[in-house]
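Encoded as structure tokens, the structure appears first; notes follow it.
The values are calculated or read from the model by the stated rules, or taken from the named source; none is laboratory data. As the structure is a prediction and not an experimental result, all values here were calculated from the model. Quick reminder, even Gly has a Cβ in these numbers, built from the backbone with ideal geometry, and neighbours come from all protein chains shown. Note: areas computed on protein heavy atoms with side chains; ligands, DNA, RNA excluded. Shrake-Rupley method; radii C 1.70, N 1.55, O 1.52, S 1.80 Å.
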Amino acid sequence: MSVGHYENFPVASLLLPRPVRRAVHDIYRFARSADDIADEGRASPDERIASLEAYRAELHSLGTQQRPSAPNSPELARVFDPLALTVKRHQLPITPFLNLISAFTQDVRVQRYPDYASLEDYCSRSANPVGRLMLHLFGATEPDAIAQSDAICTALQLINILQDVGSDLRRGRIYLPQSELAAFAVTEEMLVRGEAGSAWRALMKFQIARCRTLLDAGAPLGRRFPGRFGLELRLVIEGARAVLRRIEQADYDVFGHRLILRSRDWPGILWRAIIV
């Protein structure tokens, strides 16, 4: 379902047709490296913002087709030289890339979300652009396809948040909406202590139900495409559903370690993706 830090990206596996596999690698490299700028290492917030602004400047130069022949750093060249070719070859829009930079910048600046609307807005920039770029690669830009893709990607981002409550706390962030924490009588102190009691379980059941509703809304997209890309989409959806089951099997305790899929889970996921 994903590789490395950028969890919601459908990696260019052998399932994807060869003509788009290279493009997916190039987009993934951009997304992962920008995500790492926001999250990894010991840079100060100002240094992270400056690095992300350099990415934004490169994207604007791609959009205007006035990009310098040699970027200011080898790291920028490693990311943007192949991306420039992919954007040109597939006529990709620049806005989804800029939206990703906006979300990663927000990761540096924002530590709390007052309500679901604010979190959903974040997801619309941190996850949904990836799905929209994939749709563009396959020539599917109809409104219903975009809506289904957005539902899947938002669900993936929310599932990521449920898996990463502990690691996000260590970075000083809480993505779960403050209004929903309050509604279920879950305090930040309880999160810090890793209390997975009845209040936490009720909150998690609510969160998981919302994720499943979103996955169900997006599921028809997996049958929209024939062949390997359709199977890849169905694997993403069924993998996400399996993660939700894993959280339930752990009695909603996501504090001790990140609940992930294991190799023995994948035969069942593949079977469900084929027969769904």
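A compact table of results
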quantity	calculated
Charge sum, other residues only, whose C-beta stays under 15 Å from Asp115's C-beta, Lys/Arg counted +1 and Asp/Glu -1	-1
Sulfur and carbon atoms: percent of accessible area, the chain [1.4 Å]	55 percent
Integer Hz, Karplus 6.51/-1.76/1.60 couplings in order for segment 33-41, x for Gly and Pro	5, 5, 4, 5, 4, 6, 10, 9, x
Cα-projected label distance for Ser102 with Asp144, points at 7 Å along beta-carbon direction, nm	2.8 nm
Distance from segment 153-192 to segment 219-276 (C-alpha centre basis), Å	22 Å
Equivalent ellipsoid semi-axes, segment 95-210, via Cα gyration tensor eigenvalues times 5, rooted, Å	29, 16, 11
Label selected from [x] 57, 38, 35; [y] 58, 48, 33; [z] 52, 39, 36, the criterion being Cα extents along the principal axes in Å as computed here	[y]
The chain: calculated mean residue ellipticity at 222 nm from DSSP helix runs of at least 4, using -39500 (n - 2.57)	-22500 deg cm²/dmol
Sites Arg201 and Glu40, calculated FRET efficiency, Cβ-Cβ separation with R0 41 Å, nearest 0.05	0.85
Over segment 81-188, relative contact order from alpha-carbon pairs under 8 Å, at least 6 apart, %	34 percent
Computed accessible area, Arg223, all protein chains, 1.4 angstrom probe, square angstrom	120 Å²
Sites Arg193 and Ile275 - FRET efficiency at Förster radius 51 Å, r taken between beta-carbons, to 0.05	0.75
Largest-first ordering by accessible area, 1.4 Å probe, given options Trp271, Trp266	Trp271, Trp266
Charge sum, other residues only, whose C-beta stays under 9 Å from Gly230's C-beta, Lys/Arg counted +1 and Asp/Glu -1	+3
For segment 218-231, Karplus couplings with θ = phi - 60° (6.51, -1.76, 1.60), whole Hz, Gly/Pro x	x, 4, x, 5, x, 9, 6, 9, x, x, 6, 5, x, 5
Net charge of neighbours whose Cβ lies under 15 Å from the Cβ of Arg125, counting Lys and Arg as +1 and Asp and Glu as -1	-2
Heavy-atom surface of the chain, accessible at 1.4 Å and reported per residue (Å²)	46 Å²
Cα→Cβ-extended label distance, 7 Å offset, between Glu47 and Thr64, nm	3.0 nm
Theoretical gain in end-to-end length, His257 to Arg89 [0.36 nm per residue, Cα-Cα removed]	56.3 nm
Backbone HN-Hα couplings from phi across segment 84-98 [Karplus 6.51/-1.76/1.60, Hz, Gly and Pro as x]	4, 5, 5, 4, 5, 5, 9, 6, 6, x, 8, 3, x, 5, 5
With DNA, RNA and ligands ignored, accessible area of Arg32 (1.4 Å probe; Å², nearest 10)	80 Å²
Heavy-atom SASA rank of Thr187, Thr141, Thr105 (probe 1.4 Å, accessible area, largest first)	Thr141, Thr187, Thr105
